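Every number in this text was worked out from the coordinates using simple rules, so none of it is lab data. Only a predicted model underlies this, so the values are computations on that prediction, with no experimental measurement involved. Methodologically, a virtual Cβ is constructed for each residue, glycine included, from the backbone with ideal geometry; neighbour enumeration extends over all protein chains shown.
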Amino acid sequence: MASGHDIAMALRAAYWAMHRSTEASFAKRTATADQFVLLSLLAERDGTTQQELVRRASSDANTIRAMLVLLEERGLVTRGRHPTDGRARSVALTRKGRQTYERLWAQSEPLRERILAAFGAREAEMLVQLLTRVAESVKCED
């Protein structure tokens, strides 16, 4: 029977294998796997707040802010006042940001295909459910 340590180490190995593969595929595009996550989240729901990105990216506010500053300097995102909450920052992809995201998405398709090919359809659904359960069970309450 697998122990909690076995599960934690397997999750770590899977994450780092995926992260390294993504970094390698993006090396020539000068984007990181973490920056791609933000571009992807914005492509799904543009004009979101920085705090919402923190939550959806499963990251922390300082890391997200630092990445957004870099992406803004590269002309990939814009940040401004949120239309209904003056304290919040709204983040959106620029045209260049959307084009960059689309290129990175296409470039990373082979990795997603390899991951999906490792599972049957039912297994893939179950894996997502199990990983969500793991994330929820270890989530820090702020």
(request) Could you check how many residues of region 91-142 are closer than 20 Å to Lys28 by Cα, polar (S, T, N, Q) and out of contact with any helix residue (DSSP H, G or I) (no Cβ under 9 Å at 6 or more places or on another chain)? (result) 1
(request) Just give me the residues in region 89-101 being assigned to a helix (DSSP H, G or I) and without any contact (Cβ under 8 Å) to a residue 40 or more places away in the chain, in sequence order. (result) Arg95, Lys96, Gln99
(message) Of all residues being charged (D, E, K, R) and in a helix (DSSP H, G or I) in region 34-66, which is nearest to the chain's Cα centre (by Cα)? Just the residue, please.
(response) Asp34
(request) Those residues that are assigned to a helix (DSSP H, G or I) and of a type in the set (A, V, I, L, M), I need them from region 1-33; list them, please. (result) Ile7, Ala8, Met9, Ala10, Leu11, Ala13, Ala14, Ala17, Met18, Ala24, Ala27, Ala33
(request) Sort out which residues of region 115-127 are under 20 Å from Arg12 (Cβ atoms), surrounded by 11 or more Cβ atoms within 10 Å (Cβ to Cβ) and free of Cβ contacts under 8 Å to residues at least 24 places away in the same chain, and write them in order of number. (result) Phe119, Leu127
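For Val69, state whether it is in a helix (DSSP H, G or I), β-branched (Val, Ile, Thr) and without any contact (Cβ under 8 Å) to a residue 60 or more places away in the chain.
Criteria met by Val69.
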